[in-house]
Amino acid sequence: MRWAVFGIFAYLTLVLDTSLLEVLAGRELQIKPSACGLLAAFICLSAPRMAAMWACLTLGLLLDLSDPLSLGEADKLHLIGPRTLGYVCGGYLVLQLRTIVFRQRALTIGTMTFICLLAVHLVAVAVYVIRSWYPGGGLYWAQTTTLGELLRRFLMALYSGLLAIPFGWLLVRSMPLWGFQTISHRIGALR
């Protein structure tokens, strides 16, 4: 995998997630799609295992650092961990499932984006709930219950998976840029 290409795509998806995709968010429920989830699923479907795990760790860390939690009117908190752990778990889940799917299909990328983001959100909500047990810690989604937050995040994963189908098709077309090692390359190297 070419890390320079990953850096460019990670920057673009991070900008999309933190600014531009706010336009597509539902007004009442704040359901916005995740471009970083799409990129993580795409990389986990195509890259070698260790490279995919490092890419997921990097994407989660960048999201934790760039999108702070709002605790009040003026209070912002950069909590490193929820999405970082979530993306590692989501990437691992996609790595386990990639042997049973057609990797270079847009529908597969959409489905794996949904599964990856479902794991990301489950882990992130669990970390936020555990953090709220500490003295002085509270849940940052005070307007709803934890079950309501899980439902909102499920809808976010579903929305992202649906939008990942057309954008996944575009990512499949960019495969030559990435330099992923295919099976034919490995067999040719052994001869």
task: Could you list, in sequence order, all residues of the range 145-161 that are in contact (Cβ under 8 Å) with a residue 60 or more places away in the chain and not in a helix (DSSP H, G or I)?
output: none
query: Quick one: would you say Tyr87 is surrounded by 19 or more Cβ atoms within 10 Å (Cβ to Cβ), touching a helix residue (DSSP H, G or I) at 6+ places or on another chain (Cβ under 8 Å) and closer than 20 Å to Met50 by Cα?
result: yes
message: One residue is enough: does the range 162-171 have a residue meeting the conditions outside any helix (DSSP H, G or I), touching a residue at least 40 places away in the same chain (Cβ under 8 Å) and among the β-branched types (Val, Ile, Thr)?
response: no
- prompt: So how many residues does the range 1-56 have that are of a type in the set (Asp, Glu) and either within 13 Å of the chain's Cα centre (by Cα) or within 17 Å of Gly161 (Cα to Cα) (or both)?
  reply: 2
message: What's the total number of residues in the range 86-118 that are in a loop (DSSP other than H, G, I, E, B) and of a type in the set (Lys, Arg)?
response: 2
- prompt: Scanning the range 109-135 for residues that are closer than 20 Å to Phe42 by Cα and of a type in the set (Ser, Thr, Tyr), which turns out surrounded by the fewest Cβ atoms within 10 Å (Cβ to Cβ)?
  reply: Thr111
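Rule-based calculations on the coordinates, nothing more; no lab input. For clarity, every value in this text was computed on a predicted model and none was experimentally measured. A quick note on method: Cβ atoms are made from the backbone with ideal geometry, for glycine too, and the neighbour counts reach across all protein chains shown.
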